[in-house]
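Comments concern the structure below.
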Amino acid sequence: MKKIWPIVTLTLKSAFKFKVVTMMTVALLTIVVILPLIIKNDGTARGFIQIILTYSLFTTMALLGLANVWLSCGILAREIEECQLQLVVVKPIARWQIWIGKWIGIMLINAILLGIAGSGIYASTIVRAKSLPPDQQNILKNEVLVSRRAIKEPPPDISALVEQAYQEQLQKLGLQSQSDKALLRRHIEEQAKAEFQIVPGAYVRRWQINLGRNKDSLADKPIYIRTKFYSAVRSFEGSAFGPMAYNTLWQIGPPDSPKMWRTNMSLAAETFHEFQIPPNLFDDNGVLTIDFINPNDETLLFPLEDGMEVLCYEGGFTINFCRGLLILLFWLGLLSAIGLCASSFLSFPVAVFFSFALLFIGFSSGTMSEIVQEGGITNINQDTGTVTNPSIIDKLAVAVFGSLLKVLNLVKAFSPIDSLSAGRSISWTELAQALLNVVIIMGGFFAIVGISIFQKRELSAAQSSQ
């Protein structure tokens with residue numbers, strides 16, 4: 001660190017010299033303080049959070065992300081182009097130490113700017129929440145400005161059933177094409193999942209959710225149900241009214257127990273709904289039983305992924321907010337590593353273009369997933385939605401995009417803004433996982449590539465080519 005720290009100091013001085021920190025501070029304070037005052041919310045707790053917390057955090061992260069890529073690309077590439085770094089590398093310091101020192105310096109700047117923005121957002125949220133009506137303040141206190149753990153029923157293991165049915169149908173149909181085989185397997189998987197997802201009219205769907213070791217701490221605490229369902233018939237009450245509402249019957253609590261809670265409510269399909277249930281409805285083992293009775297003629301479908309979950313109190317908002325900011329800082333660390341990696345072998349404008357191209361690929365995971373599921377990008381059968389007779393291009397696209405998706409899946413699950421806006425708990429385990437996947441694995445990969453190229457780069461040749 002004795003050799004790295006001077007590089008960190010020089011990086012900080014360069015950022016302050018070019019007024020990066022000053023300009024970003026002004027821009028962030030404008031976003032988190034002035035703009036929320038101009039944009040009015042609808043007076044509800046959800047509308048308030050949408051403007052004050054969600055909008056401010058998202059805009060802050062977008063601005064910091066763009067500035068971070070620009071700074072990390074320029075802080076190395078510019079010094080090479082202007083012959084400043086050549087004066088440093090002749091000193092008794094390894095190039096990897098220069099690279100790491102630059103990254104640490106940029107991360108300190110990120111921490112300062114994110115701390116300023118986060119403090120402004122937190123103070124604005126707490127202070128302005130007092131202007132809401134009392135009933136909305138109560139909703140805000142119990143559903144948003146809180147840390148709630150999401151608990152779901154363990155997904156059923158259908159792999160054995162799917163494999164058995166797949167082998168039987170494969171022998172019966174004698175399919176040879178890989179795309180046809182993939183389509184058959186997906187069809188069987190959907191059929192197996194449907195047994196656990198659909199609720200026909202007059203039928204009951206039961207969830208048994210184990211609250212685990214937290215059951216004692218949940219005594220007399222509010223518990224919320226978050227649910228979403230689809231209608232087998234996608235009917236609409238006119239385009240201006242959105243999805244159709246359905247009558248729903250709920251029985252929650254130990255079966256055949258006097259304390260079972262019953263309610264009847266009208267809920268719209270294709271929309272997340274969250275409602276509070278009385279406390280202490282779980283049994284002595286901490287199991288919460290939820291029965292849904294479908295009184296409608298139409299079949300309703302509750303997805304296994306997000307159809308039903310229980311949200312229960314775990315802690316306060318402040319520490320949860322700080323953990324969310326740390327995950328955002330980890331994302332900025334990854335962006336810094338990408339920018340420094342690009343500037344290790346490219347000129348400043350090309351490094352910026354390269355970095356934004358990588359980010360564009362990362363945001364295109366939905367398109368890549370569709371290509372992998374369809375089996376390629378050419379000769380797509382409109383009836384089956386898959387590629388027939390895949391070419392070399394199709395096979396190459398599936399292999400490349402499949403590998404990219406595996407890499408992107410390591411990091412894309414960490415979205416603290418959504419969790420904070422919904423009052424969901426960001427656990428220490430999730431924080432550690434984000435540090436491992438986003439910074440150590442993904443950021444470490446770009447660091448290794450960038451340092452390796454920077455070690456072998458001829459800086460004088462790079463300068464003379466400008």
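What follows draws every value from the coordinates through simple rules; no lab data is involved. Model, not experiment: these values are computed from the prediction. Neighbour counts run over all protein chains shown; Cβ positions are idealised from the backbone, glycine included.
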Return, ordered by residue number, the residues of the range 44-82 whose backbone nitrogen is under 19 Å from a label point located 7 Å along Cα→Cβ of Val127.
48-57, 60
In what sequence do Lys13, Lys172, Lys3 fall when counting other Cβ within 10 Å, fewest first?
Lys172, Lys13, Lys3
Scalar couplings 3J(HN,Hα) for the range 341-352 by Karplus 6.51 cos²θ - 1.76 cosθ + 1.60 (θ = phi - 60°), nearest whole Hz, x for Gly and Pro, are 4, 5, 6, 6, 9, 10, 6, 4, x, 5, 5, 5
Ranked from fewest to most other Cβ atoms within 10 Å of their own Cβ, Val449, Val144, Val26 fall in the order Val26, Val449, Val144
With θ set to phi - 60°, apply the Karplus curve 6.51 cos²θ - 1.76 cosθ + 1.60 along the range 266-280 and write out the HN-Hα couplings as whole Hz, x wherever there is a Gly or Pro.
9, 10, 7, 6, 6, 9, 6, 10, 10, 9, 8, 10, x, x, 6
Using all alpha carbons of the range 283-344, what is the percent of pairwise distances in each 10 Å bin, ordered from the shortest bin to the longest?
14, 21, 23, 20, 15, 7, 1
Listed with the fewest Cβ neighbours within 10 Å leading, Arg148, Arg262 appear as Arg262, Arg148
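Using Cα pairs closer than 8 Å and at least 6 residues apart in sequence, work out the relative contact order for the range 159-315, in percent.
Numbers: 272 pairs, mean separation 55.0, N = 157.
The value is 35 percent.
State, as an integer percentage, the relative contact order of the range 21-129 based on alpha-carbon contacts under 8 Å between residues 6 or more apart.
On the way: 58 pairs, mean separation 53.0, N = 109.
Once normalised by length, the contact order is 49 percent.
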Angstrom value of the Kirkwood radius, inverse mean 1/r, which spans all Cα pairs in the range 1-148
17.5 Å
Kirkwood Rh in Å, taken over the range 159-315 so that all alpha-carbon pairs contribute:
17.9 Å
Students often forget the sequence filter, so: which lysines lie under 26 Å Cα-Cα from Lys13 once same-chain residues fewer than 8 apart are removed?
Lys2, Lys3, Lys91, Lys102
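Would you please give the FRET efficiency between Ile393 and Arg186, computed as 1/(1 + (r/R0)^6) with r the Cβ-Cβ distance and R0 = 25 Å, to the nearest 0.05? Kindly include the intermediate steps, with their values, before the conclusion.
Numbers: r = 22 Å, r/R0 = 0.89.
Approximately 0.65, to the nearest 0.05.
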